[in-house]
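Down below is the structure, laid out as structure tokens.
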Amino acid sequence: MARSSKPGQIDIALLSWWRDRWAFTENKSGKKGICHIGNETGREAYWLEHASYLSSWQYQNYFHCQFNHVINDPRRKHRPGALSIFVDIYRAWHNLCWVDRCGKSPAQKLGVAESPLTLAELLQ
């Protein structure tokens, strides 16, 4: 669906085990869906008309370029151990923050944590 196309009928659905609130619409130019992340409801028509994937794409592209720059830095060939810092952060996030379909982190499943950490708590 084009970015500024007026949405047709809007269908609201609660999806995934998080019960995320999604709004879907379809018109002659295509289909579109948005996830309601903030506290503001009732503006689905506005967001379906104005939202685009461009900002997400730009952010992901920027992150990939920066990460690629760090990983492929010519100096890293002389210091491959420096990559272990990134691997350690990912491993800690996966074990302490990431939750499965049951809502438990790997650390909770092993009984070493009572609840999952937020990313902010992990990086403190």
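Laid out as a table, the results:
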read-out: Stokes-Einstein D (µm²/s) once Rh is taken as the Kirkwood radius of segment 11-52 over alpha-carbon pairs, at 20 °C in 1.002 mPa s; value: 198
read-out: Protection-proxy order for peptides 109-121, 16-28, each taking the mean of Cβ atoms within 10 Å per residue, highest first; value: 16-28, 109-121
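No lab work stands behind these numbers, since they all come straight from the coordinates. Remember, it's a predicted structure, so these values are computed and weren't measured experimentally. Don't worry about glycine lacking a Cβ; one is built from the backbone with ideal geometry, like all the others, and counts go over all protein chains shown.
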